[in-house]
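**Q** Sharing a structure here in structure tokens format.
The values are calculated or read from the model by the stated rules, or taken from the named source; none is laboratory data. Since the structure is predicted, the reported quantities are computational estimates derived from the model, not experimental observations. When we count neighbours, we look across all protein chains shown, and the Cβ atoms used for this are built from the backbone with ideal geometry, even at glycine. Heavy atoms of the whole protein, side chains included, go into the accessibility calculation; ligands, DNA and RNA do not. Shrake-Rupley method; radii C 1.70, N 1.55, O 1.52, S 1.80 Å.
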Amino acid sequence: MSKQSNIRNFCIIAHIDHGKSTLADRLIEETGTLAKRELSDQLLDAMEIERERGITIKLAPVRMNFDYKGERYILNLIDTPGHVDFTNEVSRSLAACEGALLVVDASQGVEAQTLANVYLAVDNDLEILPVINKIDLPSARPDEVVAEIEDVIGIDGHSAPRVSAKEGIGIHEVLEKVVDCFPAPSGDENKPLKALIFDSFYDNYKGAVCLVRVFDGTIKTGTRIKLMNTGKEFDTVEVGYFNPKMCEAAQLSAGEVGYVCASIKNVADTAPGDTITEAARPAEKPCPGYKPVQPVVYCGIYPVDGSKYNDLKDALEKLKLNDAALFYEPEVSAALGFGFRCGFLGLLHMEIIEERLEREFNLDLITTAPGVNYKVVKTNGETVTVTNPSNLPPLSEVDHIEEPIVTAYIYTPPEYIGPIMELCQEKRGEYLDMVYLDKTRVKMHYEIPLNEIVYDFFDGLKSRTRGYASLDYEIKGYKPSDLVKLDILLNNELCDALSLIVHRDKAYARGRSIAEKLKEVIPRQMFEIPIQAAVGSKIIARETVKALRKDVLAKCYGGDITRKKKLLEKQKEGKKRMRQVGSVEVPSEAFMSVLKLDK
Amino acid sequence: MASRVPYSAADTLYFGGGTPSVVRCGLLREVYGEIRKYFGGDFKEFTVEANPDSVSKEFLRECADMGVNRISMGLQSADDKVLKRIGRVHDVARFTVAAEEVKKSGIKNISSDLILGLPGQKQDDPENAVELFDKLGMTHVSVYSLSVEKGTPLYESGYKADDDLQADMYERTVEKLKEYGYLRYEVSNFARDGKFAFHNLKYWTGADYYGFGAAAHSLTGKLRRENTDSLKDYVNGKVLKSQYLLTAEDVRTEYIMLRMRTETGIDLDDYAARFGVSLLSEREKEVKKLLFAGVIEVKDNILKATDKGFYLLNSVVTELL
């Protein structure tokens, strides 16, 4: 048990590649928590994909000991994910801290995306300590960056440590400042237990492992706990902290950060934001901010090789163990066979799951166009929820369709206001207002259908603002909208996996560009293939893949039959990777190629 | 090495896959002498390949003495510019002279070839070639589509044959050949007056054959063998590159792939007798699709490629495999 006055709980906020992970590594190294040789680069980002993308999805708290002014301090570093899809997790982990290090690149200065998280930290009453990183770079301009921090964020930047995490410069000073600047936790050990779950993961032996910040009271092995939002009860089996490996402890008490295992089978029962209390003596109120996870983006995921369905199922099950936000259920497509309809927190979450399935489980996947959750109000008054366009009831039974709308905040330098307004207008956005955060930053406020965000919005924003603008959004509600189902027919047969729900005004352009794209990716076959885009029975676009004329082996004499046989067998093998839509062979890539359409 | 080859009577003999007309006088006869020891001397078809530019009186005399009754001599194109472009030494005039000399030597059964899709080739070049073959009294014509192999100067030049153009040429050439009495019996082979290449027919019908020399292939029973590509290894007795026994699946694959190349196609009764299943019911969906595409026809219990299907044989065969 540690005195609260000797504990500091903090996180690091940084723009992508401003050096958050490197700084975290240096802190761990400097405190002797791990020797240098034990550190694989950027230790906190445990997953391969995170490391490659330089982003953090999962939070991993590390407990470090730091001796300073004759006292031993416990510094708990809680890492935060850096993307809008995971805002919920960010705010949970911020809620677990008293302080935040704001890492700013000494040459690039403050970036828009960072601001959103800085404001979140401010909202959570965190003390913010700027750290100027990468001072070793020739292009470093630390004085200007300090001025920028004061201007833009309005916090004192003069005491900001100037460091190079890469070169190990100034690291000790950062640790000292953490102790000096950040407040110690101020909970009450004697009050009923109140611990915030800010993340959880699945361990094959221990079950769900909750990462917690204890605010009041104490938890130890044997404590009968209750999750305040779900009401479920469990017996505590083990508590401990990370150094950064799991390290069992006698107990965790007010002010401490660590983990709790309670033979919980399902990570869905340990949602971030929920509060652990003692079943026999519950806290009065849970920690604020609990939101049940709700997928907002959906797509179909199918194995390229139909016989891998069970492998895909197993892989999703495994990922789900660790990711309460992942949703999936089986679905069948005439074109793609057996697969799953999956739901995600957002597009990045979707991409990460897809990548993990392909990489960690070695699966070749076909994914269908991402869509959202539509509410279809039928003429008989019944409301059904539709995530797969193929499940849309017949038009004659539909009274109207409602689509999810998001409140979107776009942060941008002012020179891109025009292009962004154009983009938002194209995307059926409704302008609400705009605020100058300072001379160089504008926050634009829009309401945009989520359906338009999932289709190409990020790419559009990036290309129109040279990457300077960033987007933050949250679901606001549903609005009736003139939506139609856009179907694609190949050789007069419907290809269900390519159907989309779009706004009527967009149907023509989308239909045409999909037909054009398919013409490029569907190889010529033994007969001519008409590609048609249709709304209802009306054909709105048509392209044709000309018939293949020549597909024959050159001379077949001299007795070398083996080589020809192998060539044919290879060709047949290639066919297996194709999907049959009626009599048409469609390469797996075709389903994905329509997701990324050029303007 | 020859002693390891079991004796078995052969009725066709083919010297080729190289240029037999350039080797020193007398060598062919020596090789032929060896072969007779093991395979007898009663070859109803004995073919020797020749280049128009190396056909000499001595060579032809040696051939006639051995009993050669068929010469295969490539033309490739009837356009001198094209021949030059692809690095051929002969021109049309030289080919004409060589053909006349062959006939004068008493060998009347002459086969030639032409290639579709050569760089600089005009649409009517193959048709001109057919007229020339007719005029010279060729009995057999092979029509090949150019395939640009990696590592060749043509490949390096970046040249690609246009598939659609080749398909057009093939269609017109087949028509023209028919007009002059050369009937297709295999996708690339056309014969007049029943002068099929009986030797090559063996490759297409699964009969046994022995191949001698570097890079030659053999089929004996279910054993396929391929000789080393290296002349040096071959001469030093390291003959074999690889060999394998055909599986039941291989036999079936080869049967479909080779029979479909022929005008006689697949006799469905024969197929059922060999493999114990009906091809039509086993590949019902695929056959339907192929019929829809108009690339095969089924008549009198024979399944064969249509005119359109012959030039799409890979697509057709992979459906049936």
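**Q** Rounded to whole Å and sorted largest first, what semi-axes of the equivalent ellipsoid does the C-alpha gyration tensor of region B:129-179 yield via the square root of 5 times each eigenvalue?
**A** Values: eigenvalues 144, 39, 12 Å².
Computed over region B:129-179, the values are 27, 14, 8 Å.
**Q** Additional query: Which one, B:ILE302, B:ILE110, B:ILE71, has the greatest fluctuation when you compute a Gaussian network model over chain B with C-alpha springs under 10 angstrom?
**A** Greatest mean-square fluctuation among the candidates belongs to B:ILE302.
**Q** Taking the Cβ-Cβ separation of A:LYS570 and B:LYS178 as r and a Förster radius of 35 Å, what is the calculated FRET efficiency to the nearest 0.05?
**A** 0.55
**Q** Same structure, new question: Would you mind working out the accessible area per residue for the protein assembly as shown, using a 1.4 Å probe, and quoting it in Å²? Each step should come with its number before you reach the end.
**A** Details: 40240 Å² over 920 residues.
Heavy-atom SASA per residue in the protein assembly as shown reads 44 Å².
**Q** With the convex hull built on the Cα atoms of region A:398-548, state its orientation-averaged projected area in nm². Working shown, then result.
**A** Values: hull surface 41.7 nm².
Hull-based average projected area comes out at 10.4 nm².
**Q** Going by a 1.4 Å probe on protein heavy atoms, which residues of region B:131-170 end up with at least 40 Å² less accessible surface in the whole assembly than in their chain alone?
**A** Output list: B:TYR144, B:ASP163, B:ASP164.
**Q** Out of residues 5 or more away from A:HIS400 or on other chains, whose amide H comes under 5 Å of its own, with H placed 1.01 Å from N in the peptide plane?
**A** Residues meeting the amide H criterion: A:VAL377.
**Q** Now a separate question. Using only alpha-carbon positions, what ratio does the radius of gyration of region A:231-300 give when scaled by 2.2 N^0.38 Å?
**A** 1.33
**Q** To continue, here is another question. Using DSSP to call loops (not H, G, I, E or B), can you name the trypsin sites (Lys or Arg not before Pro) in region A:490-580 whose Cβ has at most 14 other Cβ atoms within 10 angstrom?
**A** Numbers: sites: A:ARG504, A:LYS506, A:ARG510, A:ARG512, A:LYS517, A:LYS519, A:ARG524, A:LYS538, A:ARG542, A:LYS546, A:ARG549, A:LYS550, A:LYS555, A:ARG563, A:LYS564, A:LYS565, A:LYS566, A:LYS570, A:LYS572, A:LYS575, A:LYS576, A:ARG577, A:ARG579; in loops: A:ARG524, A:LYS546, A:ARG549, A:LYS550, A:LYS555, A:ARG577.
Passing both the DSSP loop test and the Cβ count: A:LYS546, A:ARG577.
**Q** Oh, and also: Could you check what % of the DSSP bridge pairs in chain B are antiparallel, to the nearest 5?
**A** Within chain B, antiparallel bridges account for around 55 percent of the total.
**Q** Here is a further query. With each pseudo-label sitting 7 Å past Cα toward Cβ, what's the A:ARG542-A:ARG512 distance in nm, one decimal?
**A** 1.6 nm
**Q** Sticking with this one: Would you mind computing, in nm to one decimal, how far apart the modelled labels at A:ASN204 and A:GLU167 are, each placed 7 Å from Cα along Cα→Cβ?
**A** Label at A:ASN204, label at A:GLU167, 4.4 nm between them.
**Q** Right, something else. What FRET efficiency, computed as 1/(1 + (r/R0)^6) with R0 = 30 Å and r the Cβ-Cβ distance, is obtained for A:THR383 and A:LYS519, rounded to the nearest 0.05?
**A** The pair A:THR383/A:LYS519 has a calculated efficiency of 0.20.
**Q** Counting only protein heavy atoms, probe 1.4 Å: which residues of region B:300-316 lose 50 Å² or more of accessible surface in the full assembly compared with their chain by itself?
**A** Buried on complex formation: B:TYR311, B:LEU312, B:ASN314, B:SER315.
**Q** Using a 1.4 Å probe and counting only protein heavy atoms, how much accessible surface gets buried when A and B come together, both sides summed, in Å² to the nearest 100?
**A** 3500 Å²
**Q** Using a 1.4 Å probe on the protein heavy atoms only, what accessible surface does A:PHE327 show? Give it in Å² to the nearest 10.
**A** A:PHE327 exposes around 70 Å² with every protein chain in place.
**Q** How would A:HIS158, B:HIS90 line up by accessible area, probe 1.4 Å, largest first?
**A** A:HIS158, B:HIS90
**Q** Give the Rg (one decimal place) followed by the Dmax (whole number) of region B:1-121, computed from C-alpha coordinates and expressed in Å.
**A** When restricted to the Cα atoms of region B:1-121, Rg and Dmax are 16.0, 49 Å.
**Q** What is the calculated FRET efficiency for B:ASP168 to A:ALA184, with r their C-beta to C-beta distance and R₀ = 60 Å, to the nearest 0.05?
**A** 0.10
**Q** Taking chain B as a Gaussian network, where each spring joins two C-alpha atoms under 10 Å apart, which residue of B:LYS195, B:LYS104, B:LYS299 fluctuates the most?
**A** Maximum fluctuation in the GNM of chain B, among the listed residues, is at B:LYS299.
**Q** Please state the Cα pair-distance histogram of chain A with 20 angstrom bins from zero: what percent is in each bin?
**A** Binned Cα distances yield the sequence 18, 46, 29, 7, 0.
**Q** Please compute the volume of the convex hull spanned by the alpha-carbon atoms of region A:144-225 and report it per residue in Å³. It would help to have the intermediate numbers written out before the result.
**A** On the way: hull volume 15.5 nm³, N = 82.
Per residue, the Cα convex hull of region A:144-225 comes to 189 Å³.
**Q** Now for a different question. Just from its helices, what would the mean residue ellipticity at 222 nm be for chain A, if runs of 4 or more DSSP H residues each count -39500 (n - 2.57) and the sum is divided by every residue, rounded to the nearest 500 deg cm²/dmol?
**A** Only helices count here, giving -7500 deg cm²/dmol.
**Q** Cα-Cα over 22 Å: which of A:LYS565/B:LYS37; B:LYS202/B:LYS304; A:LYS564/B:LYS241; B:LYS108/B:LYS308; B:LYS202/B:LYS289? Mind dumping the intermediate values first?
**A** Working: A:LYS565/B:LYS37 33 Å; B:LYS202/B:LYS304 19 Å; A:LYS564/B:LYS241 17 Å; B:LYS108/B:LYS308 33 Å; B:LYS202/B:LYS289 31 Å.
Violating the 22 Å Cα-Cα cut-off are A:LYS565/B:LYS37; B:LYS108/B:LYS308; B:LYS202/B:LYS289.
**Q** Output ³J(HN,Hα) for region A:134-146: one whole-Hz value per residue in order, computed from phi by the Karplus curve 6.51 cos²θ - 1.76 cosθ + 1.60 with θ = phi - 60°, and x for Gly and Pro.
**A** Values per residue, Gly and Pro as x: 6, 6, 6, 5, x, 7, 4, 9, x, 5, 4, 5, 4 Hz.
**Q** In addition: From the Cα trace of chain B, what convex hull volume per residue do you get, rounded to a whole Å³?
**A** 152 Å³
**Q** How much space per residue, in cubic angstrom, does the convex hull of the C-alpha atoms of region B:208-321 take up?
**A** Each residue corresponds to 115 Å³ of Cα convex hull volume.
**Q** Hey, for a label at A:ARG466 modelled as a point 7 Å past Cα toward Cβ, could you say which residues of region A:410-425 have their backbone N under 18 Å away?
**A** A:411-421
**Q** Can you pull the percent of the protein assembly as shown's accessible area that's carbon plus sulfur, 1.4 Å probe, other chains left in place?
**A** Carbon-and-sulfur percentage of accessible area, whole number: 49.
**Q** Same structure, new question: Taking every Cα atom in region B:85-177, find the radius of gyration and the maximum pairwise distance Dmax, and write them in Å.
**A** 14.6, 44
**Q** How many nm separate the modelled label positions at B:LEU280 and A:TYR431, each set 7 Å beyond the Cα in the direction of the Cβ?
**A** 7.1 nm
**Q** With N set to the number of residues, divide the alpha-carbon radius of gyration of region A:176-332 by 2.2 N^0.38 Å and report two decimals.
**A** Scaled against compact globular proteins, the figure is 1.21.
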